[in-house]
Amino acid sequence: MSVDAVKNIEDLAQFVEDSPVSYLAARTVARRLQGAGFTELTESETWPDSAATGRHFVVRDGAIIAWAGGRQASAASGYRVLGAHTDSPALKVKPKSSLTVKGWHQIGVENYGGGLLNSYLDRELRLAGRLTVHEGGTLRDRYVCTPPLARIPQLAPHLDHKRNELVLDKQFNLYPIWGIDPGQNDVLAYLGRHTVDEGGDVDPATVVGYDLLTADSQPGRRFGQHGEFFASGRLDNLSSVHAGLCALERYVADNADEHASHTVMLAGFDHEEVGSETRSGAAGPFLEDVLVRLSAARGENTEQYRRSVASSVCLSADAGHLLHPNYQGHHDPVVQPVPGAGPLLKINANQRYATDSVGAGIFAAACKAARVPYQEFVSNNNMPCGSTIGPITATRLGMRTVDVGVGLLSMHSAREMCHVHDMAYLTRAVEGFYRLQGL
């Protein structure tokens, strides 16, 4: 097992641990980038003219966009964008979430995204997200994350003769249990004592809204005959966010931006699992807003901005599917991705993935430059195909877009798995993409 691959997967494990929900994932990326010399810009403030050629990032709710401007860039210079998403399927806390049933304190939740609901059962769950508070006459967000707090217990087989035909009622069977103390059933009061920012405890009386979700609390770990596999929650799609982050860190550590004529960018969007149609999702204006402002900082006119977008490429990175040995009939009989053979180039005739032949050539060139293998993925013709931010970005901006990602098993489970080498390959492929010249 490669030493670099092991270090990369250990770093991914910590990254996932620090990023239980999108809001904290964006802030984990921000902290890492600050350590690499990036500075934060605020959307509501004026950006300096140097924004286009510097190393900066901007956070919008649970999304983040970061870039390193090429020092040799001129008007109409393009961008190399790694697009990914920070959210994962989960259970989201409802309003008036604290309830008690026959002495059991529970949390009212609803399904966020298309998760494998049975995988949430009998797992110790954290709650994490943001509390919006009204303090000193203003609204501000406070970020929270609990230790293992709640659990959704299965019904014992003695009480259900159809125990192997599990059907979950989303309204009544998924409420987690978190306590029995008759004097304490206020989830917000508990959360207010588990902030992860510098503001201290939160008074629940000041909370005017919240975005809170569950996350599996079990740390990621390697397993297998030679430790070649990695199991963790939220690999879809923190695997891609992490690959883009690590590639960007390496890129600036080599001062590659000093000699580049293009700008490299990491765009981590929120809400992909529920359609992306939000202000921080890929279907929203976030990426376009940043590109327009960087264009203005460059002094570009409208024509030059359009030329810049036309010469740009987005690598839409989202997890894909490996061949499942127990369900071979659900896969294409010829194109069958296997673990350890590299990231996936995702192709779909109906444009559920945005890859075309030119984009395939760009990804092949990136992998060749990085000296990593890759493999193709197509769906079985009889199976519906999921989609990504790729077609959305291509439609929204007209930017050439290529869909790629690390191969998984158990996608949308509370605990997914991949091959250790594939994660290292994806990171190196993204770095190769960032360094490509003359596209």
Looking only at strands (runs of 3 or more DSSP E) that lie completely in the stretch 41-125, which have at least 2 residues being among the hydrophobic types (A, V, I, L, M, F, W, C) and within 26 Å of Val167 (Cβ to Cβ)? 90-101, 104-112
Residue ID - farthest from Glu277 (Cα to Cα), chosen from residues in the stretch 26-60 that are in contact with a helix residue (DSSP H, G or I) (Cβ under 7 Å, 6 or more places away or on another chain) and acidic (Asp, Glu): Asp49
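If we keep just the residues of the stretch 177-211 that are in contact with a helix residue (DSSP H, G or I) (Cβ under 6 Å, 6 or more places away or on another chain) and farther than 17 Å from Pro148 by Cα, which is least open to solvent (accessible area, probe 1.4 Å)? Before you say what the answer is, go through the steps one by one.
Keep residues of the stretch 177-211 that are in contact with a helix residue (DSSP H, G or I) (Cβ under 6 Å, 6 or more places away or on another chain), which gives 188-189, 192, 204, 207.
Filter again for farther than 17 Å from Pro148 by Cα, leaving 204, 207.
Details: Pro204: 48, Val207: 27 Å².
The qualifying residue least open to solvent (accessible area, probe 1.4 Å) is Val207.
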Qualifying positions in the stretch 189-204 - in a helix (DSSP H, G or I) and within 24 Å of Glu17 (Cβ to Cβ): Tyr190, Leu191
Within the bounds of the stretch 295-312, is there any residue that is crowded, with 19+ Cβ neighbours inside 10 Å, among the hydroxyl-bearing types (Ser, Thr, Tyr), part of a loop (DSSP other than H, G, I, E, B) and assigned by the TED database to the domain that holds Glu416? yes
What is the number of the single condition among (1) outside the structural domain of Glu40 (by the TED database); (2) on the phi > 0 side of the Ramachandran plot that Tyr210 does not meet? (2)
Residues satisfying the stated conditions in the stretch 90-117, i.e. within 15 Å of the chain's Cα centre (by Cα) and crowded, with 24+ Cβ neighbours inside 10 Å: Ala90
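Quick grid of which residues meet (1) part of a loop (DSSP other than H, G, I, E, B); (2) in contact with a Gly (Cβ under 7 Å, 6 or more places away or on another chain):
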| site | (1), (2) |
| --- | --- |
| Gly227 | yes, no |
| Ser240 | no, yes |
| Leu245 | no, no |
| Tyr251 | no, no |
Top-ranked residue in the stretch 142-188 [being within 17 Å of Pro95 (Cα to Cα) and free of Cβ contacts under 8 Å to residues at least 12 places away in the same chain; ranked as nearest to the chain's Cα centre (by Cα)]: Gln171
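In the set Val274, Val187, which member is at pLDDT 95 or above, within 26 Å of Arg140 (Cα to Cα) and β-branched (Val, Ile, Thr)? Full working, then the answer.
Details: Val187 fails: at pLDDT 95 or above.
Going through Val274, Val187 in turn, just one is at pLDDT 95 or above, within 26 Å of Arg140 (Cα to Cα) and β-branched (Val, Ile, Thr): Val274.
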In the stretch 247-283, which residues are open to solvent by 10 Å² or more (accessible area, probe 1.4 Å) and touching a Ser or Thr at 6+ places or on another chain (Cβ under 9 Å)? Arg250, Ser261, His271, Glu272, Glu273, Ala283
The one condition in (1) farther than 30 Å from Glu431 by Cβ; (2) open to solvent by less than 70 Å² (accessible area, probe 1.4 Å); (3) among the hydrophobic types (A, V, I, L, M, F, W, C) that Leu139 fails to fulfil: (2)
Among Arg126, Arg71, which is among the basic types (Lys, Arg) and either at pLDDT 95 or above or within 25 Å of the chain's Cα centre (by Cα) (or both)? Arg126
If Tyr23 satisfies every condition in (1) surrounded by fewer than 23 Cβ atoms within 10 Å (Cβ to Cβ); (2) out of contact with any helix residue (DSSP H, G or I) (no Cβ under 6 Å at 6 or more places or on another chain); (3) within 26 Å of Pro219 (Cα to Cα) but one, which is the exception? (1)
For the stretch 146-167, the count of residues that are at pLDDT below 90 and surrounded by 12 or more Cβ atoms within 10 Å (Cβ to Cβ) equals 3
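Rundown of residues vs (1) over 15 Å from His105 (Cα atoms); (2) assigned to a loop (DSSP other than H, G, I, E, B), yes/no style:
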| position | (1), (2) |
| --- | --- |
| Gly129 | yes, no |
| His134 | yes, no |
| Tyr143 | yes, no |
| Pro147 | yes, yes |
| Gln154 | yes, yes |
| Gln171 | yes, yes |
| Leu174 | no, yes |
| Gly183 | no, yes |
Residue list for the stretch 257-294, restricted to those being of a type in the set (Asp, Glu) and within 20 Å of Ala90 (Cβ to Cβ): Asp270, Glu272, Glu273, Glu277
Residue under evaluation Thr214, criteria (1) part of a strand (DSSP E or B); (2) open to solvent by 50 Å² or more (accessible area, probe 1.4 Å); (3) within 21 Å of Ala26 (Cβ to Cβ), criterion not met: (2)
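The values are calculated or read from the model by the stated rules, or taken from the named source; none is laboratory data. None of these values were measured; they are calculated from a predicted model. Glycine also receives a Cβ, built like all others from the backbone with ideal geometry; neighbour counts cover every protein chain displayed. Note: areas computed on protein heavy atoms with side chains; ligands, DNA, RNA excluded. Shrake-Rupley method; radii C 1.70, N 1.55, O 1.52, S 1.80 Å.
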